[in-house]
Amino acid sequence: MRPLLAICLALATVTPALAAEGMWTLDNLPKAGMQSEFGFAPDEAWVQNVMRSSVRLAGGCSGSFISKDGLVLTNHHCIVGCVGDLSTENEDLMRDGFLAADRSQERQCPNFELNQLESISDVSGRVREATQGLSGKEFADAKRATQSAIEAECVGEDSAKRRCDVVDLYQGGVQHLYQYTRFQDVRLAFAPEFASGFFGGDPDNFNFPRYNLDMGLLRAYVDGKPAELENFFPLNPEGAAEGELVMITGHPGSTQRALTVAQLEALRDRTLIDRLLSMAEMRGVLLQFGALGAEQTRQAQNDLFGIENGFKALRGRLTALNDAGVFAAKREAEAELRAFVAADPELAESVGDPWAEIAQATRTFAEFETAYGFVEGGRGFSTDYFGVARTLVRGAAERTKPNAERLREFAEASLPRVEQGLFAEQPIYPAFEKVKLGWSLAKLREELGADHSLVRQVLGKESPQQLADRLVDGTTLQDVAVRRALWEGGADAIAKSEDPMIVLARSIDPPARELRARYEREVQAVLQKNAELIARARFAKEGTGVYPDATFSLRLSYGAVQGWEYNGATVPAMTRIRGLYERATGAEPYKLAPSWDRARAALDLDLPMNFVSTNDIIGGNSGSPVINAKAEVVGLVFDSNIHGLGGAYWYDSRLNRAVSVHSGAMIEALRKVYRADHLADEILAR
């Protein structure tokens, strides 16, 4: 990327949004801009319908209701966990796909939750009042207690069906309460083969042209019956024309467009590099395990997909941050804001120098970031068994405390999701867990040093692999009944347990909690409080016509179906089904699923397959519906182009593109490839 271009891109992140930039909360949509650019401004009825028709997959994706009977459209790659959990050595649904012939054949996904947003309310005043004048541990404790209390009041006695989250917006400058309807009975209705959902594999990932049927269909159930809905998106198989207004409603996970220069430098120089090195090594471990045989390949497939996808995304972010022009622009923008504050004595007195405070907090975190990641973050104990053990150990301790004093993940409002994950009947493969745990324990020793007190405590006289083998062979935590007994038995049952994985989690909990407490006291509290002050300065300078960074809460982005030009070449906005067959080579990852080979003669090869649009998206938007002004689904987001990987830090309408499956291709595939007319008919019913 040329430095001058990078400067232009970065400047776009610190000025009021232009063109299609922005992931907007639904209570603060840029209606004037939408009207000016596209002649459309949504009214309140439209917004409320869109809000209730959109779905959040609690595990990290987006989706949408597309029928009155609770049918949910999302990406195949968002449901691979469910598909993998339902697969066995003798029934590989990842390889072969799945179609429920009728609703009685739909299979429940273990550990799956859907959230439907019902309302948004501003609770900033209550949080601000509770934290006024506090700092450090006192600030963190007061904010945690207040947010937990607000969520508990919102959930009330209906935690099984209601979820409430206090969301920090504008780096903590604003707090909103999001109230959701919670669906925990979620069943799989359709999933294509992995070869169709991820055609082109890692080489095509974050690129275009694409030829993917990255779709999946779930159904939400209530009291054992399909959910009856008043709000859902109809699907328009005609799709959208090039240049037409399209909107994406979804749950972008996280952006860092408002971070300070010091925070971005820490990401560039330390955090991202560390994560990429770790992911590269883990990828090799997974590939080596998969090379042992077909069953090992199947067991490792989900993990490998996640690692490869994440590695490519983070590498793109690091590349973006290494552009010197970006930092020149970021420094200039930060200097302008600081000068604006300095020019207003009253504002300067109330804000102080939050940039210096944040810079010091990032330096402080550098002193123990590695230990924090491996011990409290769990990177040194990479096995599903340890995750279960830590949940049991911490849950037993936290549930004895008043709600206001608990770790946030064990607050009363959060327990339904914790218990769902803890008691889910998901397969765990001991041989695979031994490999992952052995590798991560070796990394723990490598990163912290063989003489580190915690390393010596954990390993004793054993090698990392010896310890991993003993822990996995000795644990009984794969049995959900054992987990339930320990959970219900509470602190006494945990204290008496001799399960080696529980013993490990119990022994490292004190030092892990110490690291977490230090992080919350010396880093998190400082970052949150001072980010709020910077947000106050931004509001004073720019007003409320700016969008907040992504927070895995419902947002709307708007744009147009449009290709782009790069290095003198024009990239068309759409691909056609015909191109899928032209791109296929017969070898992975360009090998067609047999169902597509058989259906070729029946398909309309000139139908659009995938398309790109100027919408502003980020990870978490996967599975989001692409809708038109009539609130009809015309596409399904599944990726961004390679230029969009810098979208965590800025947006450029000339290059950044969202990549989606065309609505017509989905219906064509359901009818002619998978013979799923019953699902196609349900989707098209108004």
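The values are calculated or read from the model by the stated rules, or taken from the named source; none is laboratory data. Given the structure is predicted, the values throughout are model-derived calculations rather than measurements. Positions of Cβ are generated from backbone atoms using ideal geometry, with glycine treated the same way; all protein chains shown enter the neighbour counts. Only protein heavy atoms, including side chains, enter the accessible area calculation; ligands, DNA and RNA are left aside. Shrake-Rupley method; radii C 1.70, N 1.55, O 1.52, S 1.80 Å.
Quick look at the numbers
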| item | result |
| --- | --- |
| Residues that are among the β-branched types (Val, Ile, Thr) and within 16 Å of LEU264 (Cβ to Cβ), drawn from the stretch 335-368 | ILE358, THR362 |
| Test result for GLY373, within 19 Å of SER278 (Cβ to Cβ) and not in a helix (DSSP H, G or I) | no |
| Residue match in the stretch 247-264 (condition: aliphatic (A, V, I, L, M), within 23 Å of HIS76 (Cβ to Cβ) and open to solvent by less than 30 Å² (accessible area, probe 1.4 Å)) | yes |
| Pairs, first under 13 Å from ILE534 (Cβ atoms) in the stretch 327-338, second at pLDDT 95 or above and not in a helix (DSSP H, G or I), C-beta under 8 Å, six or more apart | GLU334/THR260 |
| Filter result for TYR581 (hydroxyl-bearing (Ser, Thr, Tyr) and touching a Phe, Trp or Tyr at 6+ places or on another chain (Cβ under 6 Å)) | no |
| Of the criteria (1) without any contact (Cβ under 8 Å) to a residue 40 or more places away in the chain; (2) part of a loop (DSSP other than H, G, I, E, B), which one GLY284 fails | (2) |
| Subset of the stretch 104-139 (residues that are under 14 Å from PHE190 (Cα atoms) and open to solvent by less than 90 Å² (accessible area, probe 1.4 Å)) | GLU106, ARG107, CYS109 |
| In the stretch 589-603, the residues that are farther than 16 Å from PRO192 by Cβ and open to solvent by 70 Å² or more (accessible area, probe 1.4 Å) | ALA601 |
| Qualifying residue in the stretch 577-599 (condition: touching a helix residue (DSSP H, G or I) at 6+ places or on another chain (Cβ under 8 Å) and closer than 30 Å to ASN28 by Cβ) | no |
| Subset of the stretch 332-370 [more than 19 Å from VAL526 (Cβ to Cβ), open to solvent by 40 Å² or more (accessible area, probe 1.4 Å) and part of a helix (DSSP H, G or I)] | GLU332, ALA335, GLU336, ALA339, PHE340, ALA342, PRO345, GLU346, GLU349, THR370 |
| Given (1) crowded, with 22+ Cβ neighbours inside 10 Å; (2) at pLDDT 95 or above; (3) among the charged types (D, E, K, R), index of the condition GLU532 fails | (2) |
| Helices (runs of 4 or more DSSP H) contained entirely in the stretch 402-495, each with at least 3 residues that are farther than 23 Å from ASN111 by Cβ and either open to solvent by less than 40 Å² (accessible area, probe 1.4 Å) or aliphatic (A, V, I, L, M) (or both) | 430-448, 453-459, 464-474 |
| Subset of the stretch 651-681 (residues that are buried (at least 24 other Cβ atoms within 10 Å of the Cβ), in a loop (DSSP other than H, G, I, E, B) and of a type outside the set (D, E, K, R)) | TYR651, ASN656 |
| Residue list for the stretch 585-620, restricted to those being of a type in the set (A, V, I, L, M) and in contact (Cβ under 8 Å) with a residue 40 or more places away in the chain | LEU592, ALA593, ALA599, ALA602, LEU603, LEU607, MET609, VAL612, ILE617, ILE618 |
| Residue match in the stretch 554-566 (condition: touching a strand residue (DSSP E or B) at 6+ places or on another chain (Cβ under 6 Å), surrounded by 15 or more Cβ atoms within 10 Å (Cβ to Cβ), hydrophobic (A, V, I, L, M, F, W, C) and more than 27 Å from GLN256 (Cβ to Cβ)) | yes |
| Subset of the stretch 496-513 [assigned to a helix (DSSP H, G or I) and among the small types (Gly, Ala, Ser)] | ALA505, SER507, ALA512 |
| Residue in the stretch 55-64 that is β-branched (Val, Ile, Thr) and either open to solvent by less than 30 Å² (accessible area, probe 1.4 Å) or under 26 Å from the mean Cα position of the chain (by Cα) (or both) present | yes |
| Pick from the stretch 621-643, criterion small (Gly, Ala, Ser) and open to solvent by 10 Å² or more (accessible area, probe 1.4 Å), ranking: nearest to the chain's Cα centre (by Cα) | SER622 |
| Failed condition for ASP43, given (1) closer than 27 Å to GLU244 by Cβ; (2) among the acidic types (Asp, Glu); (3) in contact (Cβ under 8 Å) with a residue 60 or more places away in the chain | (3) |
| Selection from the stretch 68-103 of residues that are of a type in the set (Gly, Ala, Ser) and open to solvent by 20 Å² or more (accessible area, probe 1.4 Å) | GLY81, ALA101 |
| Residue in the stretch 407-420 that is within 28 Å of LEU467 (Cα to Cα), in contact with a helix residue (DSSP H, G or I) (Cβ under 6 Å, 6 or more places away or on another chain) and of a type outside the set (A, V, I, L, M, F, W, C) present | no |
| Residue within the stretch 570-580 that is without any contact (Cβ under 8 Å) to a residue 12 or more places away in the chain and either within 29 Å of the chain's Cα centre (by Cα) or over 30 Å from PHE194 (Cβ atoms) (or both) present | yes |
| Cβ-Cβ under 9 Å pairs, at least 6 apart or on other chains, the stretch 297-311 side touching a residue at least 60 places away in the same chain (Cβ under 8 Å) and under 10 Å from VAL80 (Cα atoms), far side among the small types (Gly, Ala, Ser) and surrounded by 18 or more Cβ atoms within 10 Å (Cβ to Cβ) | GLN301/GLY84; GLN301/GLY290; ASN302/GLY81; ASN302/GLY84 |
